[in-house]
Amino acid sequence: MGRPKRHRLGQNFLVDHDVAARIVGVLADEPTRVLEIGPGRGALTEPLLERFERVLAFELDENLVQPLQQRFGGHHLEIRSADALRVDLDILQAESPWQVAANLPYSVGTAILRRLMPRHDLFTRLVVMLQREVAHRVVASPGGSGHGLLALERAAWGEARLLFDVPPRAFRPVPKVVSSVLVVDLRPPAFDPGAIASGLALAAHALTKPRKMLSNAVAPLRDAAAIAGAGLDPCQRPGTVDLEGWILLAGQS
C-alpha cells in the first residue's frame, strides 16, 4: 500500500476490530450520513459501511486512497483525497447533518477537533479517538486537572464525555501512548458567537499564566473593576473560570 505519510503525522493504524466496532456502535442511528476522517487501511470504514447508508472519507495520504477504493468498491463509500485541516467543510452543507467518526492523528488531532466543534450546522455527533491526555483536556471541568482553552471551546459548542481507553497494542505501528475515545454532541451555542470569540481570546491570554491570580493573569487587558463587574474573584486561578465567566469578563470595558 506504499509508505504512508500518516505515520509522519503521528498517526497509527487501528487494527483491533473490536475497538472499531465499539466506536461505530457509539454513533447515533440518525443521521445516516457519516464523515470518516483518516480511514487509513479501513478498520473503521468496514463497520461504518455495514451500518450506515452513506460514508464519506477524507484521506490525506493519496497512497491509501486507491487501496481503499479497491477494497470497498461497490459499497456506498466516497473517498476524497483531502486534508481535514484545509478542506472546505461547506461542501458537506448540501447533505447535512452528518456524524463524524475518526481515529485522529496525535500530532493534528487537537487542531482537527477544534475545526469541527464550531460546525453544529454540519455535524451532530463526533466520535473521535485522541491521545488520552488530550481527550481528558476536552472534557475537563473548571478547576479540574487539565481545564484550559480546549475545554472552554468544547463547552461553547457541545457536551462531551469519555467512553473508553484504547491500549497501544490496538495499533500498528504500536505507539508509546494510550488513546481514548470520546463523544462530542454538538449544539447551537448559548452565547453570541462574537461574545464567545472575545471570551476565548481573553481566556487564551490569561491561561498562559495559569498559576497567577486572575487579577494578574488578565492584566493589562482587564482590571480589578472589570473582574468584580463580571462577578469573579480576583484571587481565583484562570483555570477555575468557566466559559460564561470569561464571556462576562470580556464584556467588561
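The values are calculated or read from the model by the stated rules, or taken from the named source; none is laboratory data. Remember, it's a predicted structure, so these values are computed and weren't measured experimentally. All Cβ positions, glycine included, derive from the backbone under ideal geometry; neighbour counts span all protein chains shown. Just so you know, the surface numbers come from the protein's heavy atoms only, side chains and all, with ligands and any DNA or RNA stripped out. Shrake-Rupley method; radii C 1.70, N 1.55, O 1.52, S 1.80 Å.
Odds and ends about this structure:
- Relative contact order of the chain: 16 percent, from C-alpha pairs under 8 Å at least 6 residues apart in sequence.
- Per atom type, the range 136-201 shows carbon and sulfur on 57% of its accessible surface, probed at 1.4 Å.
- Length-normalised contact order for the range 115-175 - Cα pairs under 8 Å, 6+ apart - percent: 28 percent
- Taking all pairs of distinct alpha-carbon atoms in the range 205-253, Kirkwood radius in angstrom: 10.2 Å
- Candidates L89, Q66, F123 compared by Cα position along the dipole of the range 58-123: farthest toward the positive end lies F123, with charges placed on Cβ.
- Alpha-carbon centroid distance for the pair the range 68-95 / the range 17-39, whole angstrom: 15 Å
- Ratio of the Cα radius of gyration of the range 160-253 to 2.2 N^0.38 Å, where N counts its residues: 1.45
- For the chain, built as a Gaussian network whose Cα springs stay under 10 Å, the top-fluctuating residue of P118, P175, P39: P175
- Here the convex hull built on the C-alpha positions of the chain has a volume of 123 cubic angstrom per residue.
- For the range 14-163: relative contact order, % (alpha-carbon pairs under 8 angstrom, 6 or more apart): 21 percent
- Among beta bridges that DSSP assigns inside the chain, antiparallel share in %, nearest 5: 45 percent
- Span-rule helices in the chain, defined as complete DSSP H runs reaching 15 Å or more along the axis (Cα) with Kyte mean at least 0.0: 193-206
- Global form of the range 13-129, assessed from the alpha-carbon gyration tensor, a/c cut-off 1.5: rounded
- Overall, the range 115-190 carries a charge dipole of about 260 debye about its Cα centre when +1 sits on the Cβ of Lys and Arg and -1 on the Cβ of Asp and Glu, all other atoms neutral.
- For the residues I196, I91, I23, a GNM of the chain with alpha-carbon springs under 10 Å puts the largest fluctuation on I91.
- Ellipsoid semi-axes in whole angstrom, largest first, where each is sqrt(5λ) of the Cα gyration tensor of the range 125-191: 24, 13, 8
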